[in-house]
Each structure stands twice: as structure tokens, then as C-alpha cells.
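Q: I'd like to ask some things about the structure below.
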Amino acid sequence: MVDITPVLLDNDDPRLRRAWHPIGRSKDIGNEAWTTQLLGSPVSVRRAGTRAWQGHGEPADAADPIEILDDSAFEVCEQYGLVWAALEPPIAPIPDYPEWFDETYQSDVLTRQTHVAAGIVIDNFLDVTHFSYLHRQSFGRARPVTDDGYSIIARGDFVQLEHDAILQEGRRNSDGGFGERRIATYTFWPPYICHLQMYFPSDGARAAATIVCQPESATSTRVFVTVIVPRTDPGLDDQVTFSRQVLDEDLIIVSRMPDPRLCLTVRAEFHTRADRASVEMRRTLLDFLEECGLAQAADRQEVLA
């Protein structure tokens with residue numbers, strides 16, 4: 001008999017110490033001590049100077065470096081308008097967001113907090129079928145979203161979902177019809193990074209957004225969303241406001257879940273064809289956590305030797 005006892009992932013799972021996690025926005029961290037929680041442990045950093053990160057695409061040496069205080073982390077770095085920390089040697093680098101290195105884009109970062117686990121937030125972000133009932137006001141989608149126009153690539157270290165759908169059904173478009181076609185590509189990297197690239201065929205417009213989570217403690221997650229639009233688009237502030245509305249809608253629904261932890265056991269839950277990205281996300285995350293655990297075990301053996 002197959003064991004389907006649920007494996008639940010907490011925010012303070014010690015294997016996550018071998019991963020990079022965001023701990024704050026670059027613009028919030030100055031030369032005074034910045035203390036936050038990561039995986040249930042306090043982390044303190046400060047900027048070694050007064051030059052803070054100023055905008056999209058700036059190289060790391062354009063700002064004064066971040067220092068770790070009180071040996072509270074193994075390593076820190078600054079990337080994508082965020083400061084990141086790893087409590088133990090990370091097993092994988094922070095992935096590249098291609099738009100970040102393109103000077104024709106601009107960006108800003110918004111943040112929110114929730115009591116549910118980071119894995120739940122990412123799992124929800126990958127669910128495109130809830131547009132019609134959860135995001136009806138923001139996405140303007142009333143008809144149910146199906147798995148039409150839905151394709152998946154899973155390569156072991158990332159999962160990619162492409163979804164082709166009509167949004168804003170009540171608005172007249174340039175062709176005289178209603179709705180706006182959006183081709184969205186979601187790329188997930190473990191443990192808690194998901195990058196969304198958006199293309200609108202009607203006018204050729206492109207934009208992007210990245211959601212990353214800081215697992216603060218077993219009962220708290222800090223969510224960061226980086227909004228990326230072309231520099232020629234004067235509506236960055238409007239896009240940040242829109243993204244905040246969408247995130248708030250997401251956090252309201254996930255906060256009602258009876259268990260705030262992410263279930264990693266695929267067979268312990270009911271999944272439909274439209275959950276393929278979530279299923280592959282769980283498999284990729286499980287493999288990542290296993291690799292983290294093996295690295296930690298090897299470290300312990302080395303110390304004992």
C-alpha cells in the first residue's frame with residue numbers, strides 16, 4: 001500500500017538554511033542595523049555607507065555593500081532591489097530575471113506580510129484558474145479559466161508554465177471586440193521564487209513581475225513583489241497599485257486555509273489537470289529540500305571527521 005501521509009512544509013524547516021531568501025528591500029536598509037526574522041532566527045545587517053540602491057538594473061557596486069552583524073547569517077548579497085541572506089552555504093545561486101539586465105525597463109518593489117507558509121503563497125501564485133472568482137475585479141475575468149492554452153516544462157531545477165488567456169472581458173479592444181489577450185510565462189525556482197513574464201499581442205506590450213517570499217517564522221511570511229515595466233511606460237506607480245490589489249486578493253483567500261503549511265505529498269491532495277504547475281512545483285521543491293538535507297549531512301560528517 002502506498003503511504004500518502006501528508007508531508008507538510010513549515011517556514012522554519014532547517015533544510016531551508018541552505019537557500020537564499022530575501023530579508024528586505026534595498027531602499028529600506030541603510031547604515032543603521034536592520035534586524036528581521038528568517039527561518040525563526042534573527043538576522044541583522046546594515047549598509048557599510050550611505051549609498052543605497054537607486055534603481056532598476058544598477059550593478060551591485062553602485063551601492064555600498066551590506067554587512068552581516070553578530071554572525072547572524074552565513075552570507076548576504078544585494079540583487080533585484082532586495083537584500084538576500086543564506087544562513088548556511090547555499091546550494092544554488094539566485095536565478096537571473098532577464099528583464100533586470102535590460103536598461104529599457106524600470107521597476108519597483110512592494111511588500112506584504114501573511115501568517116501562511118511561503119510555499120502556500122507561491123502555490124497560489126501559480127494557480128491561474130482562480131482568476132474568474134478571486135480576481136474578477138482586478139483581472140476583469142468572469143468566465144471560468146480552464147487549462148486551454150496551458151503548457152508545462154519541468155527541468156528538475158525549475159518549472160515553467162505558459163498560459164494564454166483573455167483578460168478584461170468587459171473592455172473593448174483595438175480590434176472592436178472585447179477582452180485583452182495575455183500570454184503569461186511563469187518560471188518557478190525553489191524554494192520560493194516565481195518570475196512572471198507577460199506579453200500582450202494586441203499592441204506588443206511586455207511587462208514582468210517577480211514574487212519572492214521570506215519565511216520569517218512558522219507563523220509569518222514576508223512577501224515581496226518586484227513590478228517591472230518598460231521605461232517608456234509612465235504607469236509604473238499604477239502597475240504597483242494594481243499588483244498590490246492582486247496580492248491582497250490572494251492573501252485574503254490563502255489566509256482562510258485551515259492549515260497554513262504547504263502539503264508536499266501530491267497523492268494526499270486532490271489535483272486537476274489545471275494544477276500541473278503546482279504538482280511539478282512540489283516535486284521540484286522536494287528534490288531541492290532533499291539536496292539541502294544531503295548537503296547538511298555531509299557538512300556534519302566533515303565536522304565529525
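No value in this document is a laboratory result; all are computed from the given coordinates. Every value quoted in this text rests on a predicted model; they were computed, and no experiment measured them. Don't worry about glycine lacking a Cβ; one is built from the backbone with ideal geometry, like all the others, and counts go over all protein chains shown.
Q: What are the ³J(HN,Hα) couplings of the range 275-286, residue after residue, when phi is run through the Karplus curve with 6.51, -1.76, 1.60 and θ = phi - 60°? Round to Hz, x for glycine and proline.
A: Here the 3J(HN,Hα) series is 9, 4, 5, 5, 5, 5, 4, 5, 5, 5, 5, 4 Hz.
Q: Apply the Karplus curve 6.51 cos²θ - 1.76 cosθ + 1.60, θ = phi - 60°, to the phi angles in the range 256-262 and return the couplings in whole Hz, x for Gly and Pro.
A: 8, 5, x, 10, x, 9, 8
Q: For the pair Val266/Arg51, report the inter-label distance in nm, with labels modelled 7 Å from Cα in the Cβ direction.
A: Those two pseudo-labels are separated by 4.8 nm.
Q: Out of every Cα pair in the range 15-95, what percent are spaced more than 15 Å from each other?
A: 51
Q: Moving on to the next point. If r is the Cβ-Cβ distance from Arg273 to Ser41 and R0 is 41 Å, what FRET efficiency results, to the nearest 0.05?
A: Details: r = 40 Å, r/R0 = 0.98.
For Arg273 and Ser41, the calculated efficiency is 0.55.
Q: How far apart, in nm, are two points set 7 Å out from the Cα along the Cα-to-Cβ line at Asp148 and at Lys27?
A: Distance between label points: 4.1 nm.
Q: Relative to 2.2 N^0.38 Å, what does the C-alpha radius of gyration of the chain come to as a ratio? Two decimals please.
A: Compactness ratio reported: 1.03.
Q: Please turn the phi angles of the range 233-242 into ³J(HN,Hα) values with the Karplus equation 6.51 cos²θ - 1.76 cosθ + 1.60 (θ = phi - 60°), one per residue in order, whole Hz, x for glycine and proline.
A: Coupling constants for the range 233-242: 8, x, x, 4, 4, 5, 5, 5, 4, 5 Hz.
Q: How do 193-204, 76-87 rank on mean C-beta neighbours within 10 Å, highest first?
A: 76-87, 193-204
Q: Within 10 Å of each candidate Cβ there may be at most 10 other Cβ atoms; applying that plus a DSSP loop requirement, which GluC sites (Glu not before Pro) in the range 214-305 survive?
A: Within the range 214-305, no GluC sites (Glu not before Pro) qualify (loop, at most 10 other Cβ atoms within 10 Å).
Q: Sequence-distant or interchain residues sharing an amide H contact under 5 Å with Asp127, placed H: which?
A: Here nothing satisfies the definition.
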